[in-house]
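*Asks:* I'd like to ask some things about the structure below.
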Amino acid sequence: MKAKTARRTIPKVGLNPRVKFWLELEGERVFCPGVCQILQAVDETGSIKEAAARIGRSYRFVWGQLKQAEQAFGEPLVDARVGGREEKRSSVTPVGRSLMNDFLSLRKKIFALVDAEFASRFTTRQPCRKC
């Protein structure tokens, strides 16, 4: 017979579980929320330069992050066309889109699992108003 785990009553004020999630290849981080955010911004703006501005990073930083991820995966994640008159000169490749969507989906499921586990192990209560 399995012993029941004692549930702890904790103050609800600001206590939440947090998880950091990224993808590694041979022990090296190759895809993280930051790279995913870059891909989302490129997808929305159609420009690496505008994507960098949108997320508050330099163009050089964003370009470097994309190149590192592309080197790790051995495939382009963004198709960037220099110059031209089109409004959207850069687009997320099918590989980049798949990584972005799968990463976001998996991240959401992991967070939901952590939240459910946290809720099953801790009973939250409102803080004492007299304290």
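The values are calculated or read from the model by the stated rules, or taken from the named source; none is laboratory data. These numbers were taken from a predicted model, which means no experiment stands behind them. Note: ideal-geometry Cβ built from the backbone for every residue, glycine included; neighbour counts use all protein chains shown.
*Asks:* Is it true that Leu25 is at negative phi, under 17 Å from the mean Cα position of the chain (by Cα) and at pLDDT 95 or above?
*Replies:* no
Listed here are the residues, each with its yes/no results for (1) under 17 Å from Arg107 (Cβ atoms); (2) touching a residue at least 24 places away in the same chain (Cβ under 8 Å); (3) among the aromatic types (Phe, Trp, Tyr); (4) surrounded by fewer than 14 Cβ atoms within 10 Å (Cβ to Cβ).
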{"residue": "Glu26", "(1), (2), (3), (4)": "no, no, no, yes"}
{"residue": "Ile38", "(1), (2), (3), (4)": "yes, yes, no, no"}
{"residue": "Val42", "(1), (2), (3), (4)": "no, yes, no, no"}
{"residue": "Gly46", "(1), (2), (3), (4)": "no, yes, no, no"}
{"residue": "Arg54", "(1), (2), (3), (4)": "no, no, no, no"}
{"residue": "Arg60", "(1), (2), (3), (4)": "no, no, no, yes"}
{"residue": "Trp63", "(1), (2), (3), (4)": "no, no, yes, no"}
{"residue": "Ala72", "(1), (2), (3), (4)": "no, yes, no, no"}
{"residue": "Glu75", "(1), (2), (3), (4)": "no, no, no, yes"}
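*Asks:* Which members of the stretch 35-94 meet the condition of being within 24 Å of Lys20 (Cα to Cα), outside any helix (DSSP H, G or I) and basic (Lys, Arg)?
*Replies:* If the condition is that a residue be within 24 Å of Lys20 (Cα to Cα), outside any helix (DSSP H, G or I) and basic (Lys, Arg), then Arg57 is the only one that fits.
*Asks:* Collect the residues in the stretch 81-111 that are modelled with pLDDT under 95 and exposed (fewer than 14 other Cβ atoms within 10 Å of the Cβ), keeping them in residue-number order.
*Replies:* Those that are modelled with pLDDT under 95 and exposed (fewer than 14 other Cβ atoms within 10 Å of the Cβ): Arg81, Val82, Gly83, Gly84, Arg85, Glu86, Glu87.
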